[in-house]
Amino acid sequence: LVGAIQSTIDLHGLELPHLVLEVEEPLPDLPAAFEVAIYRIALEGITNMIRHSQAESGTIRILQVKQALIVELIDDGIGLDALHSKGIGLASMQERVEELGGDLKILPIKRGAHLQACLPLIDLNSLN
């Protein structure tokens, strides 16, 4: 998972050279459904940062907090209007997160965008 996300970041290095991946390792063993969802969320975040945000830098952060896996997408671009209707990318992220019983939040930030996906790790065996 981490290698796949890093490879995607590396591929887009010229478009957004200050994009970094921060991972609190070791991550727990994750079912394939979680790994695919996290990868797709990260991929959509990278795409949004490059195409829409006008960002100079961005961070994708993955960490475990108690019984949840947190995926954060942070950039210093033009930001998101929380009242604006969601585009296809945000709607896709929302759908993926909800399929795993989690929630996606747009958090307040002074400049840019900060999305946080919280995925519960309560019963991973049911997804295997």
Take the conditions open to solvent by less than 30 Å² (accessible area, probe 1.4 Å), touching a Gly at 6+ places or on another chain (Cβ under 6 Å) and over 20 Å from Glu24 (Cβ atoms) and apply them to Met93. Does it pass?
no
Would you mention how many residues in region 1-52 are open to solvent by 10 Å² or more (accessible area, probe 1.4 Å), in a loop (DSSP other than H, G, I, E, B) and of a type outside the set (Asp, Glu)?
10
Name the residue that is farthest from Glu99 (Cα to Cα), counting only residues in region 1-57 that are among the hydroxyl-bearing types (Ser, Thr, Tyr) and without any contact (Cβ under 8 Å) to a residue 60 or more places away in the chain.
Ser57
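The values are calculated or read from the model by the stated rules, or taken from the named source; none is laboratory data. A quick note: this is a predicted structure, and the numbers were derived from the prediction, not measured. Counting neighbours? That spans all protein chains shown, and the Cβs are built from the backbone with ideal geometry, glycine included. With ligands, DNA and RNA removed, areas are computed over all heavy atoms of the protein, side chains included. Shrake-Rupley method; radii C 1.70, N 1.55, O 1.52, S 1.80 Å.
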